[in-house]
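The values are calculated or read from the model by the stated rules, or taken from the named source; none is laboratory data. Predicted model, so just to flag it, every value in this text is computed and none were measured. Positions of Cβ are generated from backbone atoms using ideal geometry, with glycine treated the same way; all protein chains shown enter the neighbour counts.
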Amino acid sequence: MLYAMIEMQRAAAAPVRMMARMNRMIFESDFNALSKTEFGKSVAASAALMESLTRSYGKPIWGLDFTEVNGHEVAVEPKSVWSDAWCSLVHFKRNRTQLAAALGNETPQPRLLIVAPLSGHYATLLRGTVEAFLPHFEVYITDWTDARMVPLTQGRFDLDDYIDYIRRMISEVGPGANVLAVCQPGPPVLAAISLMSEDRDPNVPSSMTFMGSPIDCRKSPTVPNQLAETREFEWFKDNMIYTVPFPYPGAMRRVYPGFVQLASFMNMNWERHVDAQWNFFEHLVGDDGDSAQKHREFYDEYLSVLDLSAEFYLDTIKRVFQEHQLPTGKFYHRGRLVKPQRITETALLTVEGENDDISGIGQTQAAHELCANLPANMQDDYVQPGVGHYGVFNGSRFRSEIVPRVVDFIHRFHDEKVEKNWINAFEMV
């Protein structure tokens, strides 16, 4: 019922949004004498704010057309190289000729698979993460599908399925690759690599990096962690799961809607978001185009949300946030116990933010305790001062302080021979 009501509200808001758009165009027009007055600017700003608050946000585009490698501009083309019902693997393919000229006699750059979170936002939320690593790696990313767009005929999707997808995509990227998990994927990625290590899979990664991940939510519990602990599992089933309405392709599928997750995030920092909207209004009135544009870009991304399948969401709540199965040694994948201690050849880096209010200090570091048989010289940990959850994978401090550490760590364990062999095999296909 709630999902249907939200859709009805969006439909009802359409005329208001159209009127706001018309007012904005009229009062921003150079042909309108009022456009340069304080009154005209205020009306245009109010209309822009109303349009922003009432519009529907679809899946954003990547907008990454080039990168800079060793001072050379290199064209970039995001391309899906593998896909299934619930996810696509996107390769940010750099122009080979331009890249060769930029690298000169340098060895091929390592391959990096970024595992984007499936927690309400599209993978494009990590646009800044991808952009920062493009000069240093051959970058791939998981692009998860909006559950409301997956027909019921495609079946269910739970945490075990998610792990299968991760393992498949690591294998698609190839042997000796490097995996970087941002936030939510931490536990399933660690599980997937544990299984690969135990199976002596030839595609086991060279390194794994976990950033702001809830490996062990018992450490420094945050508000979301406490909510999961204090509510009964049945409460989440009864209050967080809704049915996708028609005419979406996934109509009648049970999901955890993205708008519910977004509301939760917004409520955690409500005053900050209200202030941001007021600042947006003031920037528009004051003709501060740069600040207003940055605001638009951030909220266009932040307000674009996707739905999660009910099975995946409820599995994650129960197994990760309530029962803490991975750190307590009780995490099973399709009846098979997951053993992180079997990881002995994949280097481990953990990154946390000092002020993270989603994954508290120590939750990501717990991966080191679980990988008990990994040599100490193959492990590293870093806590970034002065940043919250978002700052762990985006922003100025991420680019200037975190990225160099990740790059150095991956290069330290980069197998150049494996990389050359894989590149040669790839080019022959």
* Answer yes or no as to whether residue 379 is in contact with a Phe, Trp or Tyr (Cβ under 8 Å, 6 or more places away or on another chain) and in contact (Cβ under 8 Å) with a residue 24 or more places away in the chain. => no
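Residue-by-condition table, conditions (1) of a type outside the set (Gly, Ala, Ser); (2) surrounded by 23 or more Cβ atoms within 10 Å (Cβ to Cβ); (3) within 24 Å of residue 184 (Cβ to Cβ):
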position: 77; (1), (2), (3): yes, no, no
position: 102; (1), (2), (3): no, no, no
position: 111; (1), (2), (3): yes, yes, yes
position: 128; (1), (2), (3): no, no, yes
position: 139; (1), (2), (3): yes, yes, yes
position: 142; (1), (2), (3): yes, yes, yes
position: 155; (1), (2), (3): no, no, yes
position: 162; (1), (2), (3): yes, yes, yes
* Report, ordered by the first and then the second residue, all pairs with beta carbons closer than 6 Å, sequence separation of six or more or different chains, a first member in the range 352-373 that is in contact (Cβ under 8 Å) with a residue 12 or more places away in the chain, and a second member that is of a type in the set (Lys, Arg). => 362/219; 363/219
* Asked: Among the residues of the range 315-323, is any of a type outside the set (Asp, Glu) and in contact with a strand residue (DSSP E or B) (Cβ under 8 Å, 6 or more places away or on another chain)?
  -> no
* Structure fact -> Per the filter on the range 170-224, residues closer than 18 Å to residue 345 by Cα and acidic (Asp, Glu) are 198, 199, 201
* Asked: Looking at (1) over 20 Å from residue 212 (Cβ atoms); (2) assigned to a loop (DSSP other than H, G, I, E, B), which is the one condition that is false for residue 318?
  -> (2)
* **helices (runs of 4 or more DSSP H) completely within the range 94-175 that count 2 or more residues being within 25 Å of residue 200 (Cα to Cα) and modelled with pLDDT of 95 or more** => 159-173
* Failed item, numbered, when residue 159 is tested on (1) farther than 30 Å from residue 246 by Cα; (2) touching a Lys or Arg at 6+ places or on another chain (Cβ under 7 Å) -> (1)
* Can residue 325 be described as over 30 Å from residue 134 (Cβ atoms), surrounded by fewer than 22 Cβ atoms within 10 Å (Cβ to Cβ) and in contact with a Ser or Thr (Cβ under 9 Å, 6 or more places away or on another chain)? -> no
* Check 335, 395 and return the single one that is of a type in the set (Gly, Ala, Ser), assigned by TED's automatic domain parsing to the domain that holds residue 213, surrounded by fewer than 20 Cβ atoms within 10 Å (Cβ to Cβ) and at pLDDT below 95. => 395
* For the range 219-312, which helices (runs of 4 or more DSSP H) that fit wholly inside it have 3 or more residues that are modelled with pLDDT of 55 or more? -> 223-230, 233-239, 258-268, 289-302
* **the range 176-187, residues that are outside any helix (DSSP H, G or I) and touching a Lys or Arg at 6+ places or on another chain (Cβ under 9 Å)** => 176, 177, 178
* Matching residues in the range 166-191 - criterion: being farther than 15 Å from residue 352 by Cβ and touching a Gly at 6+ places or on another chain (Cβ under 6 Å) -> none
* Structure fact -> Across the range 170-202, the tally of residues that are under 16 Å from the mean Cα position of the chain (by Cα) and crowded, with 24+ Cβ neighbours inside 10 Å stands at 10
* **Lone qualifier among 362, 329 - being assigned by TED's automatic domain parsing to the domain that holds residue 215, touching a helix residue (DSSP H, G or I) at 6+ places or on another chain (Cβ under 9 Å), part of a loop (DSSP other than H, G, I, E, B) and within 30 Å of residue 232 (Cβ to Cβ)** => 329
* **Candidate set from the range 365-392 (those that are of a type in the set (S, T, N, Q) and part of a loop (DSSP other than H, G, I, E, B)); member that is surrounded by the most Cβ atoms within 10 Å (Cβ to Cβ)** => 365
